1. Residue check: is A:F178 open to solvent by less than 40 Å² (accessible area, probe 1.4 Å), within 10 Å of chain B (Cβ to nearest Cβ) and under 23 Å from the mean Cα position of the chain (by Cα)?
2. In the stretch A:220-241, how many are over 21 Å from A:I483 (Cα atoms) and either assigned to a helix (DSSP H, G or I) or of a type in the set (A, V, I, L, M, F, W, C) (or both)?
3. Looking at the stretch A:159-174, can you tell me whether even one residue there is free of Cβ contacts under 8 Å to residues at least 12 places away in the same chain, in a helix (DSSP H, G or I) and more than 14 Å from chain B (Cβ to nearest Cβ)?
4. So which pairs qualify, if the first residue must be in the stretch A:231-242 and more than 16 Å from A:T75 (Cβ to Cβ), the second must be open to solvent by 10 Å² or more (accessible area, probe 1.4 Å), the Cβ gap must be under 6 Å, and the two must be at least 6 apart or on different chains?
5. Please state which one of B:A26, B:A31, B:A6 is more than 7 Å from chain A (Cβ to nearest Cβ), open to solvent by less than 50 Å² (accessible area, probe 1.4 Å) and within 19 Å of A:L6 (Cα to Cα).
6. Take B:G13 and decide whether it is touching a helix residue (DSSP H, G or I) at 6+ places or on another chain (Cβ under 8 Å), closer than 15 Å to A:L189 by Cβ, part of a helix (DSSP H, G or I) and open to solvent by less than 80 Å² (accessible area, probe 1.4 Å).
7. Looking at A:L508, A:L498, A:L515, A:L443, can you tell me which residue is more than 26 Å from A:W235 (Cα to Cα), open to solvent by less than 20 Å² (accessible area, probe 1.4 Å) and either of a type outside the set (F, W, Y) or free of Cβ contacts under 8 Å to residues at least 60 places away in the same chain (or both)?
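The values are calculated or read from the model by the stated rules, or taken from the named source; none is laboratory data. Keep in mind it's a predicted model, so treat the numbers as computed, not measured. Cβ placement follows ideal geometry from the backbone for every residue including glycine, while neighbour counts extend to all protein chains displayed. In case anyone asks, the SASA skips ligands and DNA or RNA and just uses the protein heavy atoms, side chains included. Shrake-Rupley method; radii C 1.70, N 1.55, O 1.52, S 1.80 Å.
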Amino acid sequence: MTLTILDYGIIALYLFFVLGIGWTLRSKVASADQFLISDRSTPLWVTSLAFVAANLGAQEFIGMCASGAKYGIMTAHFYWAGAIPAMIFVGVFMMPFYYGSKARSVPEYLKLRFDEKTRGLNAVSFAVMTLFSSGVSMYALGLLFQLMLGWSFTASVILSATIVLVYTFLGGLKSAIFTEVLQFFLTVLGFAPLAFYAVQRVGGWEGIKKNVAPQMTHLWAYTGSPEQNGMGVEWFGLAAGLGFVLSFGYWCTDFLVVQRAMAAGSMNDARRTPVLAAIPKMLLPFVVILPGLAAVALMNSGSGYTLPMKGAGYDYDQALTTLMVQFYPNGMLGVGLTALMASFMGGMAGNVTAFNTVFTYDIYQSYIRKGAPDAHYLMVAKMTTVVGIALSIATAFLAQQYNNIMDLLQLVFGFVNAPLFATFLLGMFWRRTTGHGAFSGLLSGTLAAWFTHSLTLAEGKGGMFGVLHSFPSTMAQNFWIAIFAWSTCFLVTIGVSLATKAKADRELEGLVWGLTKMPSAEGAPWYARPGSLAVMVGSGCVLLNLIFW
Amino acid sequence: MTDFRAIMGVFFGLLGLLLVGAGALAPEMRAPLAQTNVNLWSGVMMLGFGGVLLWFSRQRA
C-alpha cells in the first residue's frame with residue numbers, strides 16, 4: 001500500500017495532539033501519587049473509556065479480526081461470555097475492597113490482605129509481564145509497518161517508544177488515560193466504517209450467512225462437542241475455562257485495567273467504571289470481529305477479494321489490513337493506520353504506567369528504600385518510566401531475534417496468571433483465607449498449569465512428560481489448563497488456610513466481605529447505582545447471546 | 001487545563017475537515033471494493049462527532 005501526504009498529515013496530527021496532551025498535563029504531576037495513580041480524581045466517563053481502551057491494543061484489533069475470519073461470530077465468546085460478566089463482577093463485588101482498602105496497586109492489596117511474600121510474588125511476576133507485553137506490542141508494530149509500508153523496523157520502534165516516553169514522562173497516568181480515551185474514539189471511528197462497508201458489500205447479515213459455514217454465524221449452537229466447531233472447544237470448556245477462569249482472572253486481578261478504575265474520584269465512580277465500560281466492550285465485536293467474518297464471506301462470494309496465503313492456509317492476521325486496502329482510499333487509509341499505531345502505543349503506555357506504579361510502590365518502596373520523602377519517589381517513578389521503556393525496546397529487539405523465547409515466555413505467564421482469580425476470590429470472600437494458603441495455592445496452581453500442559457498435546461504443543469489426552473486445538477488446551485490451575489489453587493488455598501492461623505478480624509476490616517461496610521447507593525437514581533446498571537448491562541449481554549445463539 | 005472534551009473535539013473536527021476536503025476534491029479516488037465516497041461520509045461522521053464533543057464542553061463551561 002502506498003501513502004500520500006494526506007495520510008502522513010493525519011498521522012502527524014494525531015502525534016501532535018498526543019504530545020500536546022502530555023504537555024498540558026505536565027504541571028499536574030508534582031507528587032508521586034499524582035504521577036502514578038493520578039490522585040483519584042479522574043472523571044467517570046474518562047476512567048470507563050480508559051478501562052476498555054487500556055486492553056484494546058492493536059493486537060486485539062488484528063487478532064480478533066483474524067479470529068473472526070477463522071472462527072466467525074464464535075470469537076465473540078471472548079466478549080459476551082468472557083469479558084462482560086467479569087467486568088460486571090469486578091465493579092459490583094470487588095471494587096469495594098480494591099478502592100476501599102486505600103491500596104495503591106493490586107499487589108499492595110495482597111500485602112494488606114495476606115502478607116509480604118504473596119505481594120512480592122505478584123508484584124515481580126506482574127512487573128516482568130508488563131515489560132514483556134509492552135515490548136511485544138512494539139515488536140508487532142515494527143513488524144506490521146515493515147510489512148505494509150516498508151518502513152524500517154528500528155525506526156518504527158524507536159519513534160513510537162519516544163512518543164510514548166514523552167507523554168507518559170510528562171503527564172504520568174493521567175496522560176496515559178486521556179490518550180487512551182482519544183485512542184478509543186479514533187479506533188472505533190476508524191474501523192466502524194470498515195465493518196459497515198464490508199458487511200454492506202456482501203449483502204448484510206443474510207449475505208454473510210449465505211457465504212460462510214453455518215458454525216461461523218452461531219455462538220453456542222455448535223458447541224455440543226469439540227468436533228462440531230472450528231475452535232475445537234465444547235460448551236463447558238468455553239464457559240468454565242474462558243468465561244470463568246481466564247476472563248475473571250484477567251479483568252478482576254490485572255492491575256493494568258483495575259488501575260483505571262482506581263483512578264476514579266469516588267467509590268461509586270470506581271464501582272461504576274467497569275460496569276459502564278462493559279457497554280462499549282459489549283458492542284466491540286461488531287467493529288472488530290464482524291470485518292473478519294465479512295472478509296471470508298466476501299472471498300467466498302466471488303467479489304475478487306481473497307485473503308493472502310501463508311504456507312498451506314490463509315494468513316488470517318492480514319484480514320484487517322487487506323480489507324482496509326479494499327475499502328479505504330488514501331485519507332481514511334491514513335486514519336486506519338493512525339488508529340492501529342495509536343492502539344499499539346496505547347498498549348505500550350498502559351503497560352509502562354502499570355509497571356512504574358508496581359515497581360515504585362511494591363518493589364522499590366517496599367524492599368529497596370522505605371520512608372524517603374515524596375520527591376524521591378516521584379524521581380524514582382520518572383526514572384522507572386524511562387528504564388521501563390528502554391527495557392521494552394530491548395524486549396522488542398529480542399523478540400525480533402528469538403521468536404521462540406517469546407512463545408516460551410507467553411506460555412510461562414499463562415501458567416502464572418491462570419490460578420490468580422482463585423486467590424482473589426477466596427481472599428475477598430472468605431475471611432479464613434491465610435497468607436500461607438494464598439501463596440502455596442498460587443504456586444501449586446502454576447505447577448498444575450505446567451503439568452497439564454506437559455501431559456497433553458494440541459497441534460503439536462505440550463506433551464513434555466507424555467500424552468494423557470489430546471485436544472483438537474491449542475485454544476481448548478489453554479481453557480483446560482486454566483480450569484485445572486484454578487481448581488488446584490482453589491483447593492490448596494482452602495486446605496493450607498485451614499491448617500494455618502488466620503489474621504484477626506480487625507486486621508481484615510475493609511479488605512474482606514462481611515468485615516467491610518459495603519457502600520450503599522440507595523436513594524440515588526438508577527444510573528448512579530452500580531447494581532442497577534449491572535442488571536441492565538447483564539441483560540444486554542444475555543440478549544446478545546440469545547440473538548446469536 | 002482546557003476541557004479534555006474540547007481538545008478531542010478539535011482533533012476530530014480537524015480530522016473530519018481533512019477527510020471531507022479529500023472526499024469533495026477527489027471524489028474519483030476510490031478503493032477497489034468501495035461503492036461510496038468513503039472519505040466524504042467518514043469525514044462527515046467525524047466532523048459531527050467533533051461538534052458534539054465541543055458542544056458538550058461548552059455546556060459545562
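1. It is true that A:F178 is open to solvent by less than 40 Å² (accessible area, probe 1.4 Å), within 10 Å of chain B (Cβ to nearest Cβ) and under 23 Å from the mean Cα position of the chain (by Cα).
2. 2
3. So in the stretch A:159-174, the residues free of Cβ contacts under 8 Å to residues at least 12 places away in the same chain come out as A:159, A:162.
Then drop every residue that is not in a helix (DSSP H, G or I), which leaves A:159, A:162.
Going one step further and asking which of them are more than 14 Å from chain B (Cβ to nearest Cβ), we end up with A:159, A:162.
So far as the stretch A:159-174 goes, yes, one or more of its residues are free of Cβ contacts under 8 Å to residues at least 12 places away in the same chain, in a helix (DSSP H, G or I) and more than 14 Å from chain B (Cβ to nearest Cβ).
4. Between residues of the stretch A:231-242 that are more than 16 Å from A:T75 (Cβ to Cβ) and residues that are open to solvent by 10 Å² or more (accessible area, probe 1.4 Å), the close pairs are A:E234/A:S225; A:E234/A:P226; A:A240/A:I483.
5. After applying the criteria, what remains is B:A26.
6. Working: touching a helix residue (DSSP H, G or I) at 6+ places or on another chain (Cβ under 8 Å): yes; closer than 15 Å to A:L189 by Cβ: yes; part of a helix (DSSP H, G or I): yes; open to solvent by less than 80 Å² (accessible area, probe 1.4 Å): yes.
In short, yes.
7. A:L508
Table: residues versus (1) open to solvent by less than 40 Å² (accessible area, probe 1.4 Å); (2) outside any helix (DSSP H, G or I); (3) within 14 Å of chain B (Cβ to nearest Cβ); (4) touching a residue at least 24 places away in the same chain (Cβ under 8 Å).
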position: A:Y305; (1), (2), (3), (4): yes, yes, yes, no
position: A:M324; (1), (2), (3), (4): yes, no, yes, yes
position: A:V335; (1), (2), (3), (4): yes, no, yes, yes
position: A:L340; (1), (2), (3), (4): yes, no, no, yes
position: A:M345; (1), (2), (3), (4): yes, no, no, yes
position: A:M383; (1), (2), (3), (4): no, no, no, no
position: A:L391; (1), (2), (3), (4): no, no, no, yes
position: A:L398; (1), (2), (3), (4): no, no, no, yes
